[in-house]
1. Scanning for something open to solvent by less than 70 Å² (accessible area, probe 1.4 Å), over 19 Å from R4 (Cβ atoms) and modelled with pLDDT under 90, does segment 58-76 turn up at least one residue?
2. Taking segment 82-106, which residues are of a type in the set (G, A, S) and either open to solvent by less than 70 Å² (accessible area, probe 1.4 Å) or in contact with a Lys or Arg (Cβ under 9 Å, 6 or more places away or on another chain) (or both)?
3. Just name the residue that is nearest to T52 (Cα to Cα) out of those in segment 129-152 that are modelled with pLDDT of 80 or more and surrounded by 15 or more Cβ atoms within 10 Å (Cβ to Cβ).
4. Looking at this structure, is D123 of a type in the set (D, E), assigned to a loop (DSSP other than H, G, I, E, B) and either touching a residue at least 24 places away in the same chain (Cβ under 8 Å) or open to solvent by 80 Å² or more (accessible area, probe 1.4 Å) (or both)?
5. Could you tell me which numbered condition F48 fails, if it satisfies all but one of (1) aromatic (F, W, Y); (2) touching a helix residue (DSSP H, G or I) at 6+ places or on another chain (Cβ under 9 Å); (3) closer than 17 Å to L87 by Cβ?
6. When the residues of segment 47-57 are narrowed to those that are of a type in the set (A, V, I, L, M) and closer than 19 Å to F25 by Cα, which ends up least open to solvent (accessible area, probe 1.4 Å)?
7. Pairs under 6 Å by beta carbon, first residue touching a residue at least 60 places away in the same chain (Cβ under 8 Å) and in a helix (DSSP H, G or I) in segment 159-186, partner surrounded by 12 or more Cβ atoms within 10 Å (Cβ to Cβ) and of a type outside the set (S, T, Y), six or more apart or different chains?
8. Quick check on this structure: which one of Q7, Q16, Q30 is out of contact with any Leu (no Cβ under 6 Å at 6 or more places or on another chain) and open to solvent by 70 Å² or more (accessible area, probe 1.4 Å)?
Amino acid sequence: MGARAFQFFRAGGFDQVRFESGQDFINLDQLDWKLWVALACPVKGLAFDQRTLELIDTEKDGRIRAPELIAAVKWAAGLIKNPDDFLKAPAELPLSAINVDTDDGKKVHAAAKSVLTGLGKADATSISVEDSAGAVKAFAALPFNGDGVVPAESAKTPEQKQLIQDILDTVGGADDQSGKKGVTAE
């Protein structure tokens, strides 16, 4: 199988790849690195979701390099049924577009359904970026959100709440994901 024939356009004095189909994304690893406009970019300061960039930066060095971007695209391509959906950039992703024939696809589909249910949208057929962001905020506000910090507000009885508050007043506490102070086992 030969290398993919990419299409190019000229902008800013550089020849740049024109992504015409999802296959162009999937075959990004076949693009000669001499044709890449940049082989690395910072995680901060771009007009792109910083959290997503941090997830792509698997080396956690503050820069996304070509192999990390290629790996992220390959992973994302395995999550959807039609790679042309990359070019659509819909405001919402239909749940039916998620490829549940893969383990990761099944997990993403289940997580999307769980998020929507938690937001009171159990019957929704698509999920938006706002839905996902809302779920992260809602999860952080849960009394037991997995961070190991127990705020006084999560106590089940007035006595437990008072005990937690006494500990906080005496030795201080740690910040919970919700932004409240709480106690930890440490």
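1. no
2. S96, A97, G105, listed by residue number.
3. Only one residue tops the list, namely S132.
4. Taking the combined requirement at face value, the residue satisfies it.
5. (2)
6. L53
7. none
8. Exactly one of Q7, Q16, Q30 is out of contact with any Leu (no Cβ under 6 Å at 6 or more places or on another chain) and open to solvent by 70 Å² or more (accessible area, probe 1.4 Å), namely Q7.
The values are calculated or read from the model by the stated rules, or taken from the named source; none is laboratory data. Predicted model only: the values in this text are computed from it and were never measured. For neighbour counting, all protein chains shown are included, and Cβ atoms are generated from backbone atoms with ideal geometry for every residue, glycine included. With ligands, DNA and RNA removed, areas are computed over all heavy atoms of the protein, side chains included. Shrake-Rupley method; radii C 1.70, N 1.55, O 1.52, S 1.80 Å.
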